[in-house]
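The values are calculated or read from the model by the stated rules, or taken from the named source; none is laboratory data. Everything numeric in this text was worked out from a predicted model, so none of it was measured. Note that we place each Cβ from the backbone using ideal geometry, even for glycine, and neighbour counts take in every protein chain shown. Areas reflect the complete protein model, heavy atoms only, side chains present, ligands, DNA and RNA absent. Shrake-Rupley method; radii C 1.70, N 1.55, O 1.52, S 1.80 Å.
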Amino acid sequence: MEEEKQKKGFMDWYFKSNLLMRILIGLILGAIVGLIVGPGISVIKPLGDLFIRLLQMIVMPVILFSLIVGAASIEPSRLGRVGVKIIVYYMLTTVFAIAIGLLLANLFQPGWGLSLAGGEAAGKELTRPSIIDTLLNIIPTNPFSALSSGAVLQIIAFALFFGIAISFLRGSKDSRLSEGAELVLKFCDGAAQAMYIVVRWILQYAPIGVFALIAVVFGTQGGKVVGPLALVTLTCFIGYVIHVLVVYGGVLAMFKFSLFKFLARAKEAMLTAFVTRSSNGTLPITMRNADENMGISKSVYSFTLPLGATINMDGTAIYLGVSAMFVAYAIGLRLSFSQQMIIILTATLASIGTAGVPGAGAIMLLMVLDSVGLKVEAGSAVAMAYSMILGIDAILDMGRTCLNVTGDLVGTTIVSKTEGELDLEKWK
Ligand code: ASP
């Protein structure tokens, strides 16, 4: 994809260097400069606000198009036994993942005490409509006004309906219908891809944006923010490990596989995912591991693995749960039980809509935050907390992508066994 030959420019040192490194450098420099300059650093706040506005700009279109494509890519014709089994597995493990993330976040309370909102939000419950109203509200009475007012849950609901309808139409025998659906899907896919290009551009600005945001956080808050960030990272990684040991270990044991034998056969894919931070990019390795190391039949993995790389993101789910809680804690809010239930719902959907590319989960976090009333608006305390998470996204993304890919392989292994499509010789 990086085909265009760029002319040698004086900004090469910037654009040609590793983005990840640049964001990390932005974070560290921002912290140092903020600490040195103190509250006066607030003059560079607009540089950070610009970054937040750029992100806000793309949230709705990204959700709309990528969820439509996600939902439409589940072909009903393939939704036979294998499809149903794998989708049930993918959904269940994702819900478990978020629950683990939320439990740990409740336990460790990362971000609590930061009081980014200057204490004013502390103790304040977010306006809490009843559960019934919340659920009813998911169905938009007018999807277009939902889009323009930024009602995230409503757009998710509409996109799912729309996407599933397209996937049905694609399988229609009437060529007028199937061609039309194909066209709409291509359009949405093209639009989603275009949005991801815009995301890539915005990320080029990320080091500067993160620098400014972090400098303001450190300038006004001082060094007391280092601990909370370390705690978020720790909470996420403990979640990733628990998920592997308890959920994957448990599922595998139920189907008479040893977790350690499994991990030994999945390690190349896991490692590749860790360093590339992309489920899609890892797919060829994941497939090879399934085929050569695990003896899984192509008829199963050729369907379940690409689907998993698109919709099954357990690591992202844990990250979304923990990070949403962190943002709330950081501004002095404790999310109620029903708000945490909403996070389970939106984070499940967000993880389905997350593209298997580096950093995609951080964009989806905006939507999860939105669903519980934590809007990332330029200059707000929520934006500050969000920028802190974004500053360490690379580290969190490595772990979550590794887990995302591992989960796809666990599901594929057990489904292929129940279908008698697994060469047990490879497991001796
Ligand atoms: N990088 C992740 C993946 O490719 C997605 C995410 O950012 O959460 O699976």
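Structure notes:
- Ligands, DNA and RNA aside, residue 425 has an accessible area near 120 Å² when probed at 1.4 Å.
- When +1 charges are put on Lys and Arg Cβ atoms and -1 charges on Asp and Glu Cβ atoms, the dipole computed for the chain relative to its Cα centre reaches about 420 debye.
- The calculated 222 nm mean residue ellipticity attributable to helices in the chain amounts to -24000 deg cm²/dmol, summing -39500 (n - 2.57) over DSSP H runs of n ≥ 4 and dividing by all residues.
- Quotient of the Cα radius of gyration of the chain and 2.2 N^0.38 Å, N being its number of residues: 0.99.
- Here the chain exposes an accessible surface that is 69 percent carbon and sulfur, computed with a 1.4 Å probe and the other protein chains kept in place.
- Long hydrophobic helices in the chain: the complete DSSP H runs spanning 30 Å or more by Cα along their own axis with mean Kyte-Doolittle hydropathy of at least 0.5 are 45-72, 81-108, 175-221.
- Eigen-decomposition of the gyration tensor built on the alpha-carbon atoms of the stretch 358-428 gives equivalent ellipsoid semi-axes of 40, 14, 6 angstrom, largest listed first.
- For the stretch 153-268, the percent of C-alpha pairs falling in each 5 Å distance bin, counted from 0 to the bin holding the largest distance, reads 2, 8, 8, 9, 8, 9, 14, 17, 13, 7, 3, 1, 0.
- Cross-link check: pairs 186/267; 16/224; 267/426; 186/417; 85/375 evaluated at a Cα-Cα cut-off of 25 Å; pairs beyond the cut-off: 186/267; 16/224; 186/417; 85/375.
- With eigenvalues of the C-alpha gyration tensor scaled by 5 and rooted, the stretch 298-382, Å: 28, 13, 9
- Accessible-area ranking of 211, 162, 337, largest first, probe 1.4 Å: 337, 162, 211
- Each part gets one Cα centre, and for the stretch 302-327 versus the stretch 343-366 those centres are 7 Å apart.
- Taking every protein chain into account, the accessible area of the stretch 269-428 amounts to 26 square angstrom per residue (probe 1.4 Å).
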